[in-house]
Amino acid sequence: MISSWSFSRRSIFEQCAYRAKLAWIDKIPDNTPRTAADRGTEIHTEAENYVQGSDPLPTSLRHFADDFASLRTHYADGRVLLEQEWGFSRDWDVAPWQSAWLRLKCDAVVILSETDLVVIDFKTGRRFGNEVSHLDQLMLYAVTSFVRYPVIQKV
């Protein structure tokens, strides 16, 4: 039995339940070349370093320069949490990441006010064809934001 899930795990299970079994029950390593995933990891690291103020804006983020500059300003003002690992129990209570039934990784969480929150997921893959899946993922982030921060009124 797969004891925990995330949005990406659910997507893989929906594509191929056997692949999910091999990965998370049988724990057979996936040796597929990961060039796109590696590129995504590199861009996420560049984005995090820029937002934290340790690096200049990398070329990979040039099309989103204004958005990342805003995120960097919010971070400097203490309103941004980066690389958040959110865990929830089967009863939808906040739970430790390692023992969680549902696990989410939020690339950036911006606390705009006591009642307004923005959850950001950096996307580096295919631009078109994933819109519905991306919207589903963002809706999951929104629902879990309300659970995690009960005073929030707008996500």
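The values are calculated or read from the model by the stated rules, or taken from the named source; none is laboratory data. Small disclaimer: the values here were computed from a predicted structure and weren't measured. Every residue, glycine as well, gets a Cβ built from its backbone with ideal geometry; the counts of neighbours run over all protein chains shown. Areas reflect the complete protein model, heavy atoms only, side chains present, ligands, DNA and RNA absent. Shrake-Rupley method; radii C 1.70, N 1.55, O 1.52, S 1.80 Å.
Mean residue ellipticity at 222 nm, helices only, the chain: -13000 deg cm²/dmol; runs of at least 4 DSSP H residues each add -39,500 (n - 2.57), and the sum is divided by the number of residues.
Computing the accessible area with a 1.4 Å probe over protein heavy atoms, can you report the carbon and sulfur percentage for the chain? Taking all protein chains in place, the chain shows 55 percent carbon and sulfur surface.
Sequence-distant contacts, meaning Cα pairs under 8 Å at least 6 residues apart, place the relative contact order of the stretch 30-117 at 19 percent. Per residue, the solvent-accessible area of the stretch 1-107 (1.4 Å probe, heavy atoms of protein chains only, all protein chains present) comes to 66 Å². All other residues whose Cβ lies under 12 angstrom from that of PRO56 are scored, Lys and Arg at +1 and Asp and Glu at -1, for a net of 0. Between the stretch 77-103 and the stretch 1-71, the C-alpha centres lie 17 angstrom from each other. Shown is the FRET efficiency for ASP136 and ASP67, computed with R0 = 30 Å from the Cβ-Cβ distance and rounded to the nearest 0.05: 0.85.
With an 8 Å Cα cut-off and a minimum separation of 6 or more residues, compute the relative contact order for the chain in percent.
Values: 179 pairs, mean separation 26.8, N = 155.
Value for the chain: 17 percent.
What is the sum of charges, Lys and Arg at +1 and Asp and Glu at -1, for the other residues whose Cβ falls under 11 Å from the Cβ of ARG9? Could the numbers behind the result be given before it?
On the way: positive: ARG10, ARG19, ARG103; negative: GLU14.
Net of charged neighbours comes to +2.
Give me the count of lysine pairs in the chain whose alpha carbons sit under 26 angstrom apart, restricted to pairs 8 or more positions apart or on different chains.
On the way: LYS21/LYS105; LYS27/LYS105; LYS105/LYS123; LYS105/LYS154; LYS123/LYS154.
Count of close lysine pairs: 5.
Once the piece of chain linking THR59 and THR45 is laid out straight, how much longer is it, given 0.36 nm per residue of separation minus the C-alpha distance between them? Working it through step by step, the gained length comes to 3.7 nm.
From the square roots a ≥ b ≥ c of the eigenvalues of the alpha-carbon gyration tensor of the stretch 67-155, which class results: rounded (a/c under 1.5), prolate (a/b over b/c), or oblate? Please list the in-between numbers first.
Values: a/c = 1.66, a/b = 1.10, b/c = 1.51.
Oblate, since a/c reaches 1.5 and b/c is not below a/b.
Answer rounded, prolate or oblate for the stretch 1-84, using the Cα gyration tensor with square roots of eigenvalues a ≥ b ≥ c: rounded when a/c is under 1.5, else prolate when a/b is larger than b/c, else oblate. The shape class here is prolate.
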